[in-house]
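Participant: Below are the structure tokens for one structure; questions will follow.
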Amino acid sequence: MSLPKLLFICTENSARSLMAEAIARHKYADRFQVYSAGSAPTEADSRALATLALHHISTEGLYSKPLTAHSGIHFDYAIVLCNKTAAECANDISAKHLLAWDFTDPKRDGSTKAFETTLHELAERLSMFVLLFDRQHKPVPLTPLSFFKLLADETRLNALMLIMAEQELCVCELTVALNETQPKISRHLAMLRKAGVLLDRRQGQWVYYRVNPNLVNWAKVCLEQSKTAQHAVVTPLLANLAAMGDRPERDRQCCA
């Protein structure tokens, strides 16, 4: 099961759409595969990148690119961030849902405040978008077949065992313990959360995952027995986690 594909578009793909891409990857990588593009791309604006960095949002891999860079991809959601671009390239976007959010280009003002305002307004709009998305994608009832399919993947199984052992963990802790990439971990956690096996909570910048206390009893019993059976496999993974130190130290190592 793959995550829905989300594309942000503006004219130059230098500020608004890049900032939206970075925010969505930072906050909602467990829900979406995130992309951005421009109808007339230039280069990433240094002020946009600096504003993201100031808020501890990764700018790694952000660069200005044309829509043709994503040719062949059918997006679930494409969000156009300016009316000009919406009129120019509506026919060039392959998306199930096309949304228009008209945001003023912060480069027109050029001030630090303008870029800060754009970042906060994008974050707020994305928060509302995700809230509606979650309401429309409530988990279906868990069945033995769907549950055992979830456990049949090594990464998901070991992530669950680690979360059970530690009560709750964030993505960055699991990436270190399992020696996997953040997008891969987020994708697997999204599947477990969507199925209702995991719950999440946000604390500041970080999202922590825990086993759903209301999980049906037969699934709880299965997880407990799996925890015992997986002890030899999970022990070195817990050692990886312990090597990170306590949670404040972990935050400094991999979540900053």
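The values are calculated or read from the model by the stated rules, or taken from the named source; none is laboratory data. Every value quoted in this text rests on a predicted model; they were computed, and no experiment measured them. Every residue, glycine among them, receives a Cβ derived from its backbone with ideal geometry; neighbour counts consider all protein chains shown. Protein only, heavy atoms only, side chains kept; ligands, DNA and RNA dropped before computing areas. Shrake-Rupley method; radii C 1.70, N 1.55, O 1.52, S 1.80 Å.
Participant: On the first, second and third principal axes, largest extent first, how far apart are the outermost C-alpha atoms of region 146-202 in Å?
Facilitator: Computed over region 146-202, the largest-to-smallest principal extents equal 27, 22, 21 Å.
Participant: A further question follows. Calculate, for the chain, the solvent-accessible area per residue in square angstrom, rolling a 1.4 angstrom probe over the heavy atoms of the protein chains.
Facilitator: 50 Å²
Participant: Express in nm, to one decimal, how much length is gained between L199 and T181 on full extension, taking 0.36 nm for each residue of separation and deducting their alpha carbon distance.
Facilitator: Here the answer is 4.4 nm.
Participant: Out of H137, H97, H56, any idea which swings most in a Gaussian network model of the chain, alpha carbons joined below 10 Å?
Facilitator: H137
Participant: Separate question: Per 10 Å bin, what percent of the C-alpha pairs of the chain does each bin hold, from zero upward?
Facilitator: Once binned at 10 Å, the Cα pair distances of the chain give 7, 29, 30, 22, 11, 2, 0.
Participant: Given the Cα-Cα distance of D153 and A53 and 0.36 nm per residue of separation, how much length would full extension add, in nm?
Facilitator: 32.5 nm
Participant: Too long at a 28 Å Cα-Cα cut-off: which of K96/K184; K107/K194; K65/K149?
Facilitator: Working: K96/K184 24 Å; K107/K194 38 Å; K65/K149 37 Å.
The pairs that break the limit, which is 28 Å between Cα atoms, are K107/K194; K65/K149.
Participant: Along the charge dipole of region 1-114, Cβ charges K/R +1 and D/E -1, which of L99, C82, A53 sits furthest on the positive end?
Facilitator: A53
Participant: What is the angle, in °, between the Cα long axis of helix 112-136 and the longest principal axis of the Cα atoms in the chain? Nearest 10 is fine, range 0 to 90.
Facilitator: The angle comes out at about 50 degrees.
Participant: Give the peptides 160-170, 206-216, 31-41 in descending order of average Cβ contacts within 10 Å, highest first.
Facilitator: 31-41, 160-170, 206-216
Participant: Excluding same-chain residues fewer than 8 positions from K227, which aspartates and glutamates have a Cα within less than 17 Å of its Cα?
Facilitator: By straight Cα distance, K227 reaches D153, E154, E166, E168.
Participant: Could you order the peptides 145-156, 18-29 from most to least packed, using the average number of other C-beta atoms within 10 Å per residue?
Facilitator: 18-29, 145-156
Participant: Please quote Rg/Rh for region 180-240 to two decimal places, taking the Kirkwood radius as Rh and restricting both calculations to Cα atoms.
Facilitator: Answer for region 180-240: 1.00.
Participant: Evaluate the charge dipole of region 12-141 about its Cα centre and quote only its size in Debye, nearest 20, assuming +1 on the Cβ of each Lys and Arg and -1 on the Cβ of each Asp and Glu.
Facilitator: Dipole magnitude for region 12-141 comes out near 260 debye.
Participant: Mean separation of Cα pairs under 8 Å and 6+ residues apart, divided by the residue count of the chain: what relative contact order is that in percent?
Facilitator: 17 percent
Participant: Taking the C-alpha atoms of region 120-226, how large are the radius of gyration and the largest Cα-Cα span, Dmax, in Å?
Facilitator: Final numbers for Rg and Dmax: 14.4, 47 Å.
Participant: Running Debye on region 19-103 with equal point scatterers at the Cα sites and no solvent, what base-10 log of I(q)/I(0) appears at q = 0.15, 0.17 Å⁻¹?
Facilitator: Computed log10 I(q)/I(0) values: -0.58, -0.75.
Participant: For a test of the definition: using alpha carbon positions, the gyration tensor, and the 1.5 limit on a/c, classify region 121-177 as rounded, prolate or oblate. Walk me through the numbers on the way to the answer.
Facilitator: Values: a/c = 3.03, a/b = 1.37, b/c = 2.21.
Since a/c reaches 1.5 but b/c is at least a/b, the shape of region 121-177 is classed as oblate.
Participant: Additional query: Out of residues 5 or more away from C170 or on other chains, whose amide H comes under 5 Å of its own, with H placed 1.01 Å from N in the peptide plane?
Facilitator: Sorted by chain and number, the residues that satisfy this are Y209.
Participant: For a quick check, take a GNM of the chain with Cα springs below 10 Å and name the residue from S226, S94, S111 with the largest mean-square fluctuation.
Facilitator: Of the options given, S111 has the highest mean-square fluctuation.
Participant: Grab the beta carbon distance between H97 and T228, set R0 = 30 Å, and tell me the FRET efficiency rounded to 0.05.
Facilitator: Numbers: r = 45 Å, r/R0 = 1.50.
Rounded to the nearest 0.05, the efficiency is 0.10.
Participant: Show log10 I(q)/I(0) for region 86-182 at q = 0.17, 0.21, 0.22 Å⁻¹, two decimals, from a solvent-free Debye sum over equal Cα scatterers.
Facilitator: For region 86-182, the Cα-only Debye profile gives -1.02, -1.11, -1.13.
Participant: Then there's this: Any idea what diffusion coefficient region 27-155 gets from Stokes-Einstein, in µm²/s, Kirkwood Rh on alpha carbon pairs, 4 °C, 1.567 mPa s?
Facilitator: 75 µm²/s
Participant: To continue, here is another question. 222 nm [θ] for the chain, helices only, -39500 (n - 2.57) per DSSP H run of 4+, per residue, to 500?
Facilitator: Values: 12 runs with 133 residues, N = 256.
So the helix-based figure for the chain works out to -16000 deg cm²/dmol.
Participant: Kindly identify region 16-55 as rounded, prolate or oblate by the Cα gyration tensor criterion: order the square roots of the eigenvalues as a ≥ b ≥ c, call it rounded if a/c is under 1.5, otherwise compare a/b with b/c, prolate if a/b is larger, else oblate.
Facilitator: Since a/c reaches 1.5 but b/c is at least a/b, the shape of region 16-55 is classed as oblate.
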